[in-house]
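The values are calculated or read from the model by the stated rules, or taken from the named source; none is laboratory data. Here the structure is a predicted model, which is why all the values come from computation and not from measurement. Counting neighbours? That spans all protein chains shown, and the Cβs are built from the backbone with ideal geometry, glycine included. What goes into the accessible areas is simple: the full protein's heavy atoms, side chains included, and nothing from ligands, DNA or RNA. Shrake-Rupley method; radii C 1.70, N 1.55, O 1.52, S 1.80 Å.
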Amino acid sequence: MVETLLTESNAASHLEARGVHVWFGQRQVLQDVNLVFPSNQVTALIGPSGCGKSTFIRTLNRMHELIPGAGFAGQILLDGKDIYEDGTDAVDVRLRVGMVFQKPNPFPTMSIRENVLAGLRLTGKKNPNMDELVETSLRRASIWNEVKDRLNDPALSLSGGQQQRLCIARSLAMDPAVLLMDEPCSALDPGSTRRVEETIEELADQMTIVIVTHNMQQAQRVSHQTAFFLSEDGNPGGVVEFGTTEQVFNQPVDPRTNDYVNGHFG
Amino acid sequence: MTATQVQTSTMKPTNPWAKRNKARTRDVVIASLLPGILAVVFFFVGTALGATIDPAVLLIIGFLPAQLLAAFLVGRKYYGRHGREDALLIVVTIFLSTFVMVLLLSVLWSVISAGALALRPSFILQNSHYISGTTSLEYGGAGHAILGTVMAVAITTILTVPLGFGIAVYLTETGGKARGVIRTLIQAMSGLPSVVSGLFIYSILVLQGWQPSGFTGSLALLPLMLPTVSRVSEEALRLVPVDLRNGALALGSPTWQAFAKVVFPAARSGLLTAVLLGVARIVGETAPLVLTTTYNNDTNLNPFNGPMAMLPTFIFGYIRNMYDTSIQRGWGGCLVIMILVGVLFVGARVANRKKK
Amino acid sequence: MSPQGETKIPAKRQLVTKPSRTADKVFFGLTSVAANFSIVLILLILGFLLYQAWPAFQSQGFSFFSGETWDSSATPQIFQIGPMLWGSVLVALLGMVIALPLAISLAYFIEFMAAKKIAAVATTLVDLLAAIPSIVIGLWGFAVFGPVAQHWASLLHDYLGWIPYVFYHEGANYGGSPFIAGLVVSVMIVPIITSVTREIFSQMDRDVVNASIALGAGRAATFRKVILPTASGGIVGGALLGLGRALGETIAIFFVLNLVFHINFFQVINGEGGTVASMIVSKFGEADASERSALMASGIVLFVLTLLISALSSYIVKKAQPWRTN
Ligand SMILES: Nc1ncnc2c1ncn2[C@@H]1O[C@H](COP(=O)(O)OP(=O)(O)O)[C@@H](O)[C@H]1O
Ligand SMILES: [Mg+2]
């Protein structure tokens, strides 16, 4: 997968984290994270629980600031522009950087179709061809065939794996340049996991993807590059190793990375 | 009734003790029934023999000690040391719980039975024009007061609900800085004595030249309804998972859209509950109305002008008359209020249940 | 990437959710208007009552709180609420002392003894009864319960009259005593204390309770050693909540308590008493301007008293139920 590392596409964005430090209240949980997410690349974030992967990924679309007491230092550059700059609107950032959560969270009061179109309704965007948008979004999330006959059923009538793919479709309908995924498969069965992984591979043509995963095989299957996060002895977490997925898994520089990817701890 | 509880709660269905279980069941039944039977027999035999036996005294110094002793003995025999204590705990708990329930059911029953005597179509449909404290119940009714209550409560609700929801949204959705202060103040307001709310409206409006009317009464009810509405709706909003809000915000939604299209629909039945409980809180509130409205025996359909009767002041006025018929009118009014409260309450339950 | 030893940490920026779009600014603005309204309302209540009460405080001085005379026809007029202030406290305390064991028993019964169905019915009933307006309880207390309670009072006098002072009574009429008012108030606050206590019981770790019973500790020991210590803070908070409600109770007491301007310290079945709230209602109709000012002053004293109680209760409940704060 290394050869695709530098491919370019118009729609996807280049994302970069520079010197990111994060606090919850007085407690610092991330220390000096520097990562580059080139366009159309899939980046896996791995590391033991509690090392700050979710926290980091939430800083990439300014969801972190929704938590009272959130503190931050550093820069997140989206196509070269710092999203934390004064005067930048968090809502604009989130329009370009979509997010899929660990637990499927379809809107319970809406039907499947309404869920896909929820982003448009919520942001007041107009799209002349709703039906087409619903179909393409659901197709891209590889769930179209399963739901095409029941688009008006409540979203909660779907299985957990289908709900998660619906949430992906919901994000895709907004046509984000970057898609963040925080352990999207941790609540799913193997079959659904497989489908989501296929979806990710296809999506990489059109957008930049950052995915947090606990599953080493998954990281190797879907990602081009991998960052290994670690927080030791209650110190703030940080990135121990960052490189192409092949390099991180097969020739890790840091012995701790070696231990982790070979299942010795975490 | 008491000692069977001992058995069902701690009995283990193991077979080897089946024989003993039988003996135990027998003793437990005896211990739970005998004191009561003895007390009843004692009461009737004693009364028949011409003694005056006070049921309250018999209950406290006859039945209760006997029941405690019986439970104590059985508990000790079959459950050892802790059996004695447990038996006492169970007897006391059931005795006190029954006492409370009897009191509370007595309230309900009094309202229903005494109120039913006054309740008739004319009581709902007529006003009290030409009615005095001694007029027969055939004539006149509380229709004007029911209308007054409905209008005044509607005005209070229209004013309070947006405020209450606004406060709840401030506390849960916008991450407002003054959350702690506002919560404390709402808590303080929920302890506001209702009569003080009446004094407040009197001092700020009536003393400044406003005529007492239905509207002044509505305003006096507002500080009493506001804490209920905002507290219950805050809880309802808080039950909406954070994940849903985050899901909406992550799509690039503005906060108000996330609230209007995701959080609000998910919390709708809880918010309805908040409104219904708020209305139930004020519909029978009397003291503030006594201070801020004026009696009226006639129907007044304009809450902004002139005296307007409302159910609580209607009841209060008739009870104060102290005639038998006027007190019966009071009971009738109480029944109407209790029906209103009951309907609101059941509505709140149903709304809440639908969500789950 | 960077080694652990590096210590240079850039300045932390505190992040907050700020509305950016106009519509969001309006939304945030409206909610904070509503929130600030509650501040304004409390301040207005305190401010206007104080403004109206000021003449009375000035003319009566400290004896407003301690004296035992209320005479609007005297010159100068005398307005003193000592007996009412003490009466409020006495009736509320009596009500709470009666209500507390009843409420705890009922909550224990519902949560730990009754079958599910019975528990559900009892819970609904208790919640419904918490919503009974005080005028209904007042009429019931006056017309139905009053005679029964008067009979109980006579029994207390007959059997316990040898105890000096407390059960003093003269004459045949046992009505209008703090004892009866306390009972009526306890009927009002039992549902309140029960629901708070029940909620705390229901949030306790069932496994701990069941394990303790299964281990042979027994119900009583479990109640004493596991349930009560865990729940005590919450129960005290609930009791104070009920106390606050009892202090402010107006109409129910108005019908069952004689209004006498003489401090009745603890002669609970003696028909002398009165509370601040019930006095306000009974005097307000005929009051002239200066008497009204004195009633406003009484109202503000009552409000401050309930504020103190409610502050104490929310502090205690918060300590007892840390999971409720966020
Ligand atoms: N809302 C929060 N408030 C305070 N601390 C938090 C919060 N969320 C996470 N943390 C802390 O931040 C650290 C990183 O958490 P997280 O980013 O969720 O880790 P990961 O996703 O790698 O498992 C943890 O120590 C966690 O306790
Ligand atoms: Mg995580």
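Summary table below
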item	result
Scope the range A:204-217; condition buried (at least 21 other Cβ atoms within 10 Å of the Cβ) and over 20 Å from residue A:59 (Cβ atoms); matching residues	A:204
Single residue of A:75, A:102 found to be closer than 22 Å to residue B:249 by Cα, near ligand 1 (Cβ under 10 Å from one of its atoms) and either open to solvent by 50 Å² or more (accessible area, probe 1.4 Å) or out of contact with any Leu (no Cβ under 7 Å at 6 or more places or on another chain) (or both)	A:102
So residue B:122, is it among the hydroxyl-bearing types (Ser, Thr, Tyr), in the same structural domain as residue B:44 (by TED's automatic domain parsing) and within 28 Å of the chain's Cα centre (by Cα)	no
Tally, over the range C:16-32, of residues that are in a helix (DSSP H, G or I) and either open to solvent by less than 40 Å² (accessible area, probe 1.4 Å) or facing chain B (nearest Cβ under 7 Å) (or both)	8
Residue in the range C:159-166 that is within 28 Å of residue B:332 (Cα to Cα) and either within 27 Å of the chain's Cα centre (by Cα) or surrounded by fewer than 22 Cβ atoms within 10 Å (Cβ to Cβ) (or both) present	no
Test: residue in the range A:4-20 that is within 16 Å of ligand 1 (Cβ to nearest atom) and among the aliphatic types (A, V, I, L, M)	yes
Sole residue being closer than 22 Å to residue A:105 by Cα and facing another protein chain (nearest Cβ under 7 Å), chosen from B:262, B:240	B:262
Within the range C:106-124, considering residues that are over 19 Å from the mean Cα position of the chain (by Cα) and at the interface with chain B (Cβ under 7 Å from one of its Cβ atoms), the one surrounded by the fewest Cβ atoms within 10 Å (Cβ to Cβ)	C:113
Sole exception among (1) more than 15 Å from ligand 1 (Cβ to nearest atom); (2) out of contact with any Gly (no Cβ under 9 Å at 6 or more places or on another chain); (3) among the small types (Gly, Ala, Ser) for residue A:118, by number	(2)
Unmet criterion (only one of (1) in contact (Cβ under 8 Å) with a residue 24 or more places away in the chain; (2) under 22 Å from the mean Cα position of the chain (by Cα); (3) crowded, with 22+ Cβ neighbours inside 10 Å; (4) in a helix (DSSP H, G or I)) for residue B:196	(1)
Filter result (within 11 Å of chain C (Cβ to nearest Cβ) and either in contact with a Ser or Thr (Cβ under 7 Å, 6 or more places away or on another chain) or open to solvent by 20 Å² or more (accessible area, probe 1.4 Å) (or both)) within the range A:220-236	A:227, A:228, A:231, A:232, A:233, A:235, A:236
Which numbered condition residue A:71 misses (of (1) under 19 Å from the mean Cα position of the chain (by Cα); (2) over 22 Å from residue A:39 (Cβ atoms); (3) more than 8 Å from chain B (Cβ to nearest Cβ))	(1)
Among (1) closer than 30 Å to residue B:146 by Cβ; (2) β-branched (Val, Ile, Thr); (3) away from chain C (no Cβ under 11 Å) - the single one residue B:107 does not satisfy	(3)
Breaking point among (1) more than 16 Å from ligand 1 (Cβ to nearest atom); (2) in contact with a helix residue (DSSP H, G or I) (Cβ under 6 Å, 6 or more places away or on another chain), for residue A:70	(1)
Hey, residue A:170 open to solvent by 60 Å² or more (accessible area, probe 1.4 Å), of a type in the set (D, E, K, R) and outside any loop (DSSP other than H, G, I, E, B) or not	no
Filter result (touching a residue at least 24 places away in the same chain (Cβ under 8 Å) and of a type in the set (A, V, I, L, M, F, W, C)) within the range C:141-151	C:142, C:145, C:149
Residue within the range A:87-96 that is more than 11 Å from ligand 1 (Cβ to nearest atom), of a type in the set (Ser, Thr, Tyr) and more than 19 Å from residue A:212 (Cα to Cα) present	yes
One residue from B:91, B:74, B:100, B:111 being part of a helix (DSSP H, G or I) and without any contact (Cβ under 8 Å) to a residue 60 or more places away in the chain	B:100
Any hit, the range C:5-12, residues being crowded, with 16+ Cβ neighbours inside 10 Å and acidic (Asp, Glu)	no
Residue A:113 vs. criteria in contact with a helix residue (DSSP H, G or I) (Cβ under 6 Å, 6 or more places away or on another chain) and open to solvent by 30 Å² or more (accessible area, probe 1.4 Å)	yes
Failed item, numbered, when residue B:93 is tested on (1) facing chain C (nearest Cβ under 8 Å); (2) among the polar types (S, T, N, Q); (3) under 30 Å from residue B:135 (Cβ atoms)	(3)
Matching residues in the range A:239-258 - criterion: being away from ligand 2 (no atom under 16 Å from the Cβ) and not in a helix (DSSP H, G or I)	A:240, A:241, A:242, A:243, A:244, A:251, A:252, A:253, A:254
Boolean, residue C:39 is in contact (Cβ under 8 Å) with a residue 24 or more places away in the chain and within 11 Å of chain B (Cβ to nearest Cβ)	no
Qualifying residues in the range A:32-56 (those that are within 13 Å of chain C (Cβ to nearest Cβ), within 15 Å of ligand 1 (Cβ to nearest atom) and part of a strand (DSSP E or B)) - the one surrounded by the most Cβ atoms within 10 Å (Cβ to Cβ)	A:33
Failed condition for residue C:175, given (1) under 30 Å from residue C:229 (Cα atoms); (2) open to solvent by less than 20 Å² (accessible area, probe 1.4 Å)	(1)
Considering residues of the range B:145-170 that are of a type in the set (A, V, I, L, M, F, W, C) and within 11 Å of chain C (Cβ to nearest Cβ) only, the residue farthest from the chain's Cα centre (by Cα)	B:169
Test for residue A:104: is it under 30 Å from residue B:178 (Cβ atoms) and in contact with a Gly (Cβ under 7 Å, 6 or more places away or on another chain)	no
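Condition check ((1) more than 9 Å from chain C (Cβ to nearest Cβ); (2) at pLDDT 95 or above; (3) surrounded by 24 or more Cβ atoms within 10 Å (Cβ to Cβ)) across all residues:
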site	(1), (2), (3)
B:246	yes, yes, no
B:270	yes, no, no
B:289	yes, yes, yes
B:301	yes, no, no
B:317	yes, no, no
B:326	yes, no, no
B:337	no, yes, yes
